[in-house]
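Undergrad: Before I ask anything, here is the structure I am working with.
The values are calculated or read from the model by the stated rules, or taken from the named source; none is laboratory data. Please read these numbers as outputs of a predicted model, since none were measured by experiment. Glycine also receives a Cβ, built like all others from the backbone with ideal geometry; neighbour counts cover every protein chain displayed.
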Amino acid sequence: MSLEKYKKKRKFEKTPEPSGDYSEESKNRFVIHRHQAKKAGLHHDLRLEMEGVLRSWAIPKGTPQKKGVKRLAIQTEDHPIDYIDFEGEIPEGQYGGGKVEIFDQGRYELVEKDSNKIIFTLKGNKIRGRYILVKLKDQENQWLIFTSD
Ligand code: MN
């Protein structure tokens with residue numbers, strides 16, 4: 001896990017985002033950001049606290065809340081743990097430019113994890129339940145996310 005990509009993409013004198021650092025402790029928290037990005041459009045960013053960073057996926061059509069709905073989740077660069085509380089306006093022209101708000105946050109329980117699949121239970125205020133992330137074959141960053149029992 002590394003924050004190199006995260007830092008490379010940002011100019012911290014221009015964005016209010018935390019420069020952050022790798023953390024030794026992980027508390028199994030999660031956040032779902034609602035990101036009104038100027039370029040990519042409105043989407044969710046799901047971030048799971050894991051191994052000292054926030055592993056992150058952009059979900060273009062938003063977090064699925066009904067069983068049977070499968071959505072694309074694009075893995076993005078790991079974010080620093082500090083990002084879990086971030087809300088703000090990333091200036092236009094900067095990476096991810098647009099408004100970032102917290103849609104939901106809380107803890108999650110890890111059920112199963114390997115390099116292609118993560119099963120977890122979200123315990124947020126709005127979103128609660130079992131979720132499955134499955135990496136698509138022969139794709140570098142593309143996963144599917146869906147909810148199940
Ligand atoms: Mn985003």
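Undergrad: Within the stretch 26-45, how many residues turn out to be in contact with a Ser or Thr (Cβ under 7 Å, 6 or more places away or on another chain) and within 10 Å of the ligand (Cβ to nearest atom)?
TA: So the count comes out to 2.
Undergrad: Among the residues of the stretch 41-62, write down those that are of a type in the set (Asp, Glu) and not in a loop (DSSP other than H, G, I, E, B).
TA: 45, 49
Undergrad: I need the full set of residues from the stretch 86-118 which are surrounded by fewer than 16 Cβ atoms within 10 Å (Cβ to Cβ) and away from the ligand (no atom under 16 Å from the Cβ), in order please.
TA: If the condition is that a residue be surrounded by fewer than 16 Cβ atoms within 10 Å (Cβ to Cβ) and away from the ligand (no atom under 16 Å from the Cβ), then 107, 109, 110, 111, 112, 113, 114, 115, 116, 117 are the ones that fit.
Undergrad: If a residue counts only when it is within 16 Å of the chain's Cα centre (by Cα) and at pLDDT 95 or above, which strands (runs of 3 or more DSSP E) contained entirely in the stretch 63-149 have at least 3 such residues?
TA: Once the strands (runs of 3 or more DSSP E) in the stretch 63-149 are filtered for at least 3 residues that are within 16 Å of the chain's Cα centre (by Cα) and at pLDDT 95 or above, what remains is 71-79, 98-114, 117-124, 128-135, 142-148.
Undergrad: I'm trying to understand the selection: among the residues of the stretch 10-25, which are within 16 Å of the ligand (Cβ to nearest atom) and loosely packed, with under 14 Cβ neighbours inside 10 Å?
TA: Within the stretch 10-25, 16 is the sole residue that qualifies.
Undergrad: Here are the criteria: (1) of a type in the set (A, V, I, L, M, F, W, C); (2) within 24 Å of residue 127 (Cβ to Cβ); (3) touching a residue at least 24 places away in the same chain (Cβ under 8 Å). Tell me which single one residue 3 does not satisfy.
TA: Status for residue 3: all satisfied but (2).
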